[in-house]
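Asker: Got a structure for you, questions after.
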Amino acid sequence: MTTARYKRIVLKLSGEALSGELGYGLEPKIIQSIAKQVREIAEMGVEIAIVVGGGNIWRGKVGSEMGMDRANADYMGMLATVMNSLALQDSLENYGVETRVQTSIEMRQVAEPYIRRKAIRHLEKKRVVIFAAGTGNPYFSTDTTAALRAAEVDAEVILMAKNNVDGVYNADPKLDKTAQKYDSLTYMQMLNEELGVMDSTASSLCMDNDIPLLVFSVSEEGNIKRAVSGEEIGTLVRGK
């Protein structure tokens, strides 16, 4: 039986990862695949928190470029993450995985408000916890949310699941065929070389709290389990 390397993780899913080849909205087979993979690692005894982006529905940056007030655009993005979180919760529960959604913006009719101690208690009871609505504040990305929540719930690692790349490269592999993949690097390298894996706020939070980050592709079935098991996939980013 495969053993887990980590006891408690934060799984960061981009909104685009949920849209698959559609490029917009939700692709059911992708959500089902992710839900099945999460069930696999839950059965290994791993405590799982998930942070989902909303870029498949709305991006705050796009709204601000249209002339919209940045704060309003970001709040719309937070609501998009709630929609994605509820869809993922439904899929997980269809596979028998007990799941709770906690939102940074109160909407008690659909989810619990974020309460750190309650979230930790859910994790201890082996419930999957999905953190929605970002940090509840504009100007902060869901990458920053993942870093913040990982620090708050004492997660051992952030697993950053990408749908279009299998790790961190020194250039965009889609545009540059000579781009080289890193097996490992430090947060300082990532910041200095402006690799664009996560924003500087999120990177600094991870670095200051010594939280490793594993960047890998979610497109290949079973990769989440491989990541949790400690197999050498993707790119591992550490503080030092």
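Every number here is computed from the coordinates shown, using simple stated rules; none is lab data. Since this is a predicted model, take the numbers as computed values, not measurements. Ideal geometry is used to build each Cβ from the backbone, glycine not excepted, and the neighbour counts take in all protein chains shown.
Asker: Report the relative contact order of the range 1-119, percent, no decimals, based on alpha-carbon pairs under 8 angstrom and at least 6 residues apart.
Answerer: RCO, the range 1-119: 23 percent.
Asker: Can you pull the one-decimal nm distance between simple spin-label points at ASP176 and ARG117, each 7 Å off the Cα toward Cβ?
Answerer: Result for the modelled spin labels: 5.0 nm.
Asker: May I pose another question? In nm, give the distance between the simple-model label positions of GLU98 and SER204, each being 7 Å from the Cα along the Cα-to-Cβ direction.
Answerer: Each label point lies 7 Å from its Cα, and together they span 4.0 nm.
Asker: For the chain, what are the DSSP H helices with axial Cα length of 27 Å or more and mean Kyte-Doolittle hydropathy of at least -1.0?
Answerer: 70-94
Asker: Additional query: How big is the Cα convex hull of the chain in projection, averaged over all directions, in nm²?
Answerer: 12.7 nm²
Asker: Any idea which of LEU88, GLY54, CYS206 is furthest toward the positive side of the dipole for the range 8-238, if Lys and Arg beta-carbons carry +1 and Asp and Glu beta-carbons -1?
Answerer: LEU88
Asker: Looking only at the chain, where both bridge partners belong to it, what percent of the DSSP beta bridges are antiparallel (to the nearest 5)?
Answerer: Once the DSSP bridges in the chain are tallied, antiparallel ones form about 15 percent.
Asker: Quick one: of LYS126/LYS240; LYS36/LYS118; LYS12/LYS225; LYS7/LYS181; LYS125/LYS225; LYS118/LYS162, which pairs are farther than 22 Å apart, Cα to Cα?
Answerer: LYS126/LYS240; LYS36/LYS118; LYS7/LYS181; LYS118/LYS162
Asker: Given a Förster distance of 22 angstrom, what is the FRET efficiency for ASP183 paired with LYS240, based on the Cβ-Cβ distance and rounded to 0.05?
Answerer: Plugging the Cβ-Cβ distance into 1/(1 + (r/R0)^6) gives 0.85.
Asker: Amide H to amide H, which residues 5 or more places from SER14 or on other chains are under 5 Å from it, using H placed in the peptide plane?
Answerer: Answer set, sorted by chain and number: GLY53, ALA161.
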